[in-house]
Amino acid sequence: MAVQTSATAAPSAAGTGAVDLGSASGLSCRECGERFDLGPVFACEVCFGPLEVAYDLPTGDPEGLRKRIENGPENIWRYAPLLPVPADVASKPNLNPGWTKLVQADNLARELGIEPGKLHVKDDSGNPTHSFKDRVVAQALEAARAFGYTTLSCSSTGNLAGAVGAAAARAGFRSCVFIPSDLEQGKVVMAAVYGGELVGIEGNYDDVNRFCSELIGDPAGEGWGFVNVNLRPYYGEGSKTLAYEICEQLGWRIPDQIVIPIASGSQLTKIDKGIQELIRLGLVEDRPYKIFGAQAEGCSPVSAAFKAGQDVVRPQKPDTIAKSLAIGNPADGPYVLDICRRTGGAVEDVTDAEIVDAIKLLARTEGVFTETAGGVTLGVAKKLVEAGAIDPSLTTVVVNTGDGLKTLDAVEPTTGMTAVIRPNLDSFREAGLA
Ligand SMILES: *Cc1c(COP(=O)(O)O)cnc(C)c1O
Ligand SMILES: [Zn+2]
């Protein structure tokens, strides 16, 4: 029997034991280890700890598995044997995100004082809705299908709302998503254009999230799959594909250092989980790696706890241009602290001005236009190189999770036309451009 920890009874398959989610064998509590059947549950009945997907991983034949992956589709489904999805997932209507570029960033490396060939940017702005969120939504969609949901929902800082709207449109689900009402225009338009319902909430993300938890417990939310709430264990697994791709693109090798932005902290924890799985499967050599977390100073609860040497993350009221990372009470904060400390990494934060500088630095050096979250990540990477925490002689991957076209406001005040001239050569020369 699947255990229900809330009133969100799924309409059909849940609890029948007939759920086919590939090699996923159940859910396990991250705190006490208690096991549960696969179902739309997210908190442990025993201790209220978060649940995560457990697997019977195909450990027997690493060479065979590697070949199978390499011959798979150029999207996240090449890793289907390691994800909570049915074997025939690639044939279902889904946005098929992933297999984004790993850019060798030599120009940027030169500016940062990193050795040539050692710095890479994993550019997830190349996903269908231009953020890494397509990866996590793709998993949640398959779980929603398996559990018989027909409405997809979420609480979002912007990118998730767009990713859910698009995936629902493609898969024929209804969608109704919730965002803080003061988001960037680019995020609002991107979330609305796919035709689902988009609800602005007067408040910050933490208010939106609280509202969604209430809705889940109410008959009004019955039959709704909230991708980052009651489907959160499945949703989170999508971020593992970032780790898989980075390692595969480096020739099945774990990078020495990875810099990852933190909102709820889910992505960072699952990238670590993905690396651990690759080691266990024998697909990469087991070697030390360091994970670094990045926050904006105006929303830096995890960074503050890291610097203070504390295990508890004290909630903050966010005030930053990095709205996609503006979660003042991050669910996975304590796990992020564990991972960054265990691997010998760190959590650091940067100011809004440093975020804007980093956005422009990446654009100017590598032709990659990132959103404010990417400015946070690169800004923190730069700061950590300068502080000596990131070793410039080792391989470093900076994860760019979003697209600058969605946060034009951040750079608009300090960018623009070099000159406006009349359409003749004299005018061109007068402007000093010849
Ligand atoms: C959501 C988001 C993140 C981080 O999300 P987590 O909640 O920490 O998994 C990072 N970058 C962008 C652009 C995002 O939208
Ligand atoms: Zn538990």
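Criterion first (hydroxyl-bearing (S, T, Y), modelled with pLDDT of 95 or more and assigned to a loop (DSSP other than H, G, I, E, B)) does S393 satisfy it? Give the steps one after another, and end with the answer.
Numbers: hydroxyl-bearing (S, T, Y): yes; modelled with pLDDT of 95 or more: yes; assigned to a loop (DSSP other than H, G, I, E, B): yes.
In short, yes.
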**Prompt:** So which residues in the stretch 28-43 are within 16 Å of ligand 1 (Cβ to nearest atom) and at pLDDT 95 or above, if there are any at all?
**Reply:** R30
**Asked** Restricted to the stretch 171-207, and to residues that are β-branched (V, I, T) and buried (at least 20 other Cβ atoms within 10 Å of the Cβ), which residue is farthest from I321 (Cα to Cα)?
**Response** V177
**Asked** Got a number for residues in the stretch 212-260 being among the hydrophobic types (A, V, I, L, M, F, W, C) and more than 21 Å from the chain's Cα centre (by Cα)?
**Response** 5
**Prompt:** Pick from the stretch 325-352 the residues that are part of a loop (DSSP other than H, G, I, E, B) and not polar (S, T, N, Q): which of them is farthest from N228 (Cα to Cα)?
**Reply:** G344
**Asked** In the stretch 124-147, how many are buried (at least 24 other Cβ atoms within 10 Å of the Cβ) and not in a helix (DSSP H, G or I)?
**Response** 4
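I need the helices (runs of 4 or more DSSP H) fully contained in the stretch 223-307, keeping only those with at least 2 residues that are closer than 30 Å to S175 by Cα and within 16 Å of ligand 2 (Cβ to nearest atom). Explain how you work it out, then say what you get.
Details: elements: 232-237, 240-249, 266-280.
Here the list reads 232-237.
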**Request:** Scan the stretch 253-296 for residues that are within 16 Å of ligand 1 (Cβ to nearest atom) and either more than 20 Å from V53 (Cα to Cα) or not β-branched (V, I, T) (or both) and report the count.
**Result:** 21
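The values are calculated or read from the model by the stated rules, or taken from the named source; none is laboratory data. Quick caveat, the model's predicted, so the values are computed rather than measured. Note that we place each Cβ from the backbone using ideal geometry, even for glycine, and neighbour counts take in every protein chain shown.
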